[in-house]
Amino acid sequence: MAETQYTYDIQHAGYDFDQYDLKGIATYDLFLSEFNNFPWQEEVGQSNGGSEATISVKNKSANVDLFVSVVGKPNEFAYLIGIVEPTVKKTLFGFGKEKQIRWLKIYLTEDALEVKEAFQLFFENKYSSLKGKLNNLPLFLEQEAVK
């Protein structure tokens with residue numbers, strides 16, 4: 001079986017929503033280093049109509065993305081942990097044919113350890129444990145993914 005490939009990208013505060021810096025292959029240790037060294041406090045609230053600071057990791061094999069972003073002000077902010085994954089949705093108010101879509105759920109936490117633990121589960125392909133962990137956090141947003 002082929003090894004799962006993860007890639008990651010970074011959006012700094014104020015980037016256009018479709019602008020990001022592709023970084024390449026990701027590992028959990030590399031993510032931890034990026035997360036720990038990222039200027040979250042300096043960039044939170046500096047979106048100026050663009051995106052907030054975000055680190056996104058993609059699991060190409062499973063077509064699942066996990067990202068961390070921030071919301072708030074430099075002296076009081078929280079992390080947003082978002083997961084985008086394929087799901088099946090029925091058309092015509094639930095009575096029509098099924099179609100596959102990408103679904104986004106974003107959760108809120110003030111604890112950086114929660115972020116690190118979620119990404120560890122993601123990199124270990126432990127999706128049921130990851131979903132259980134995320135479901136214990138407050139839900140911030142849920143909708144069909146834009147891209």
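The values are calculated or read from the model by the stated rules, or taken from the named source; none is laboratory data. On a predicted model such as this, the values are computed, not experimentally measured, just so you know. With ideal geometry, Cβ positions are generated from the backbone for all residues, glycine too; neighbour counts draw on all protein chains shown. Just the protein is used for accessible areas: all its heavy atoms, side chains included, with ligands, DNA and RNA removed. Shrake-Rupley method; radii C 1.70, N 1.55, O 1.52, S 1.80 Å.
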Summarise the accessible area of the range 4-147 (1.4 Å probe, protein heavy atoms) by the percent that is carbon and sulfur. 50 percent
Whole-Å semi-axes of the range 1-113's equivalent ellipsoid (Cα gyration tensor): 27, 19, 13
One finds the C-alpha centres of the range 98-147 and the range 1-77 to be spaced, in Å, by 14 Å
Calculate one ³J(HN,Hα) per residue across the range 36-49 by plugging θ = phi - 60° into the Karplus curve 6.51 cos²θ - 1.76 cosθ + 1.60, and present them in order as whole Hz with x for glycine and proline. 5, 9, 6, x, 3, 4, 6, 9, 4, x, 9, 5, 6, x
Does anything in the range 63-84 have its amide N under 19 Å from the 7 Å Cα→Cβ label point of Tyr28, and if so which residues? 63-68, 81-83
Provide the gained length on full extension for the span Asp111 to Asn36, in nm with one decimal, where the gain is 0.36 nm per separating residue minus the Cα-Cα distance. 25.7 nm
Do the alpha carbons of any pairs in Lys23/Lys90; Lys97/Lys131; Lys23/Lys97; Lys23/Lys126; Lys90/Lys133 sit beyond 31 Å of each other, and which pairs? Lys23/Lys90; Lys23/Lys97
Tell me which chymotrypsin sites (Phe, Trp or Tyr not before Pro) from the range 63-123 have a DSSP coil assignment and no more than 15 other beta carbons within 10 Å of their own. Phe93, Phe95
Give me the net charge of Ser51's neighbourhood, meaning all other residues with Cβ under 11 Å from the Cβ of Ser51; Lys, Arg count +1, Asp, Glu -1. -4
